[in-house]
1. Among the candidates Leu37, Leu14, Leu54, Leu26, single out the residue that is assigned by TED's automatic domain parsing to the domain that holds Phe98, outside any loop (DSSP other than H, G, I, E, B) and either touching a helix residue (DSSP H, G or I) at 6+ places or on another chain (Cβ under 9 Å) or not polar (S, T, N, Q) (or both).
2. Quick one: which residue in Asp64, Asp114 is among the charged types (D, E, K, R) and under 22 Å from Leu239 (Cβ atoms)?
3. When the stretch 10-29 is examined, which residues are found to be without any contact (Cβ under 8 Å) to a residue 24 or more places away in the chain and within 22 Å of Pro113 (Cβ to Cβ)?
4. Can you find even one residue in the stretch 66-81 that is farther than 21 Å from Val49 by Cβ and surrounded by 13 or more Cβ atoms within 10 Å (Cβ to Cβ)?
Amino acid sequence: MPAAVAGAQDVLPLVCALDGHAPDGLAVDIPFRLETLGSLLADLRRRGVRQVCLCGSIRRPEIDPALIDKLTMPLIPVLHEALSAGDDGALRAVITLFESAGFSVLAAHEAAPDLLMSVGVPTAQKPPAGTETDALAGEAALLDMGRADLGQACVVVAGQVVAREDDAGTDAMLARLERTPGQGQRLGVLFKGPKPGQDRRADLPTIGPGTVRAVAGAGLAGIVIEAESVIVLDRQQLLADLDRAGLFLWSRKAGG
């Protein structure tokens, strides 16, 4: 995602990366640790940066007290609170830190609007009968999961939720459903959408070609996403892979 967002800009942005989380396909201008976040914010202000875009995946880092610098020390209570919160709560806290430091936070889909998909079925394969029932069940499951700030995806088969995303992510959830040889007809869907009320400036759910491989491996019939609310990476490749596998993609308006 960082490479896709950077590539959509007229001028290549300044790329900052948390230690150990360098983005694929992008040179990193400023590596940093969480223990030096305060110094990073000061450096960005000196450089005249006014907007930041938080994108890409990271694992929650451990804070090493010995590495905390002077400018980061006042931020530690907020960082500790963020690391103990759910994903949306953690991101809200981090966004607040950037805003308090004088930056505006731009969502990835605001920086690169083509990453979102409008309502429709762009694949050759169309959703089979019963997909609306699966979609409604998936939407209800995400509402329930959102109350606990857990996950943005689930798997629904014949109207029943058979798997819910956890901290391990979508691919791990699908791998646990790996299709066994001779299973026969593809059934069920991967349903993906944002948590209700989530701050959409960071961590919108994402699908890409890897998602297609995982869905095919799990023996599912296709993917249902919430329209204008799920980032679609490498769209051309993703659609070609779906058509090749005989799977569908339905970008569905929330609530049907």
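The values are calculated or read from the model by the stated rules, or taken from the named source; none is laboratory data. If you're wondering where the values come from, they're calculated on a predicted model, not measured in any experiment. Backbone-built Cβ (ideal geometry, glycine too); neighbour counts: all protein chains shown.
1. The conditions single out Leu37.
2. Being among the charged types (D, E, K, R) and under 22 Å from Leu239 (Cβ atoms) holds for just one of Asp64, Asp114, which is Asp114.
3. Asp10, Val11, Leu12, Val15, Asp24, Gly25, listed by residue number.
4. Yes: the stretch 66-81 contains one or more residues that are farther than 21 Å from Val49 by Cβ and surrounded by 13 or more Cβ atoms within 10 Å (Cβ to Cβ).
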